[in-house]
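Take a look at the following structure, please.
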Amino acid sequence: MSDGYEQLAETVREVEGLQAESGLDRASVFNLPDLSFHTSLPEADVRRLLDGERVASPTSGPAELARRIAFLRDTRLTVDKDTGSRRQYTTAEIAAGSGMTPQWHGKLLNRSTPNIWHGAGLAKFFDVPMEYFTHTPPEAVKRVLDSKVIPHLTALLKNPSEAVRNRHAMQVQLRLGDKELPPNLETALMAFVDAIVREGSGP
């Protein structure tokens with residue numbers, strides 16, 4: 001049975017071909033923070049996998065499931081309706097949104113009661129595929145390359161003139177990935193982009 005490394009290597013080569021055709025730089029296409037965000041893997045492990053190296057496989061199913069749930073809690077934030085700032089979801093919010101009691105959610109995080117059937121509710125709440133909870137490291141990286149990176153590059157290459165003209169803008173977009181910026185950074189970024197647009201349009 002395949003362990004997923006060979007399939008990942010094939011997908012990486014496909015992405016590298018699209019990257020070369022698009023003219024985008026490797027760091028933008030193989031965006032380590034974004035790949036980490038969608039796989040829960042450390043960036044160092046993502047880099048090693050992309051380079052064809054092997055990484056340690058999880059040794060405990062319950063512990064790994066708890067780690068992936070905790071990663072979602074740490075990285076998928078909500079906006080506090082009172083302060084307007086981003087914060088983690090509370091245990092009660094996650095439990096209510098995923099169809100379990102707060103006590104059961106706590107047991108999952110404490111690694112004492114693993115039950116992958118709760119993954120469906122958690123997957124829906126956090127907007128991740130069920131495979132997020134079950135894929136091995138190489139399978140996880142391949143999943144994100146197949147579902148996000150390759151379609152993005154393919155769509156970009158359908159209009160080569162736009163790809164060349166907006167290459168730097170595309171690199172910014174790819175590097176940001178799905179990262180959620182604090183409101184003050186979003187405002188600063190948009191002000192910077194507006195200034196570039198005004199400068200580019202000229203008198």
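Bear in mind these aren't lab numbers, they're just calculated from the coordinates by the rules spelled out. Please read all numbers here as calculations on a predicted model, not as lab measurements. No Cβ is skipped: glycine too gets one built from the backbone with ideal geometry, and neighbour counts run over all protein chains shown.
Lys and Arg at +1, Asp and Glu at -1: add these up for the other residues within a Cβ distance under 12 Å of residue 54 and post the number.
Computed value for this residue: -4.
Considering the dipole of region 1-87 built from charges on the beta carbon (Lys and Arg +1, Asp and Glu -1) around the Cα centre, which of 11, 83, 40 is farthest to its positive end?
Of the options given, the answer is 83.
Give me the net charge of residue 3's neighbourhood, meaning all other residues with Cβ under 14 Å from the Cβ of residue 3; Lys, Arg count +1, Asp, Glu -1.
Taking every Cβ under 14 Å from that of residue 3, the sum is -2.
On to the next question. Roughly how many Å is it from the Cα centre of region 1-31 to that of region 33-104, as a whole number?
So the two Cα centres are separated by 24 Å.
Starting from the Cα gyration tensor of region 5-78, take the square roots of the eigenvalues, sort them a ≥ b ≥ c, and report rounded, prolate or oblate (rounded when a/c is under 1.5, otherwise prolate if a/b is larger than b/c, else oblate).
oblate
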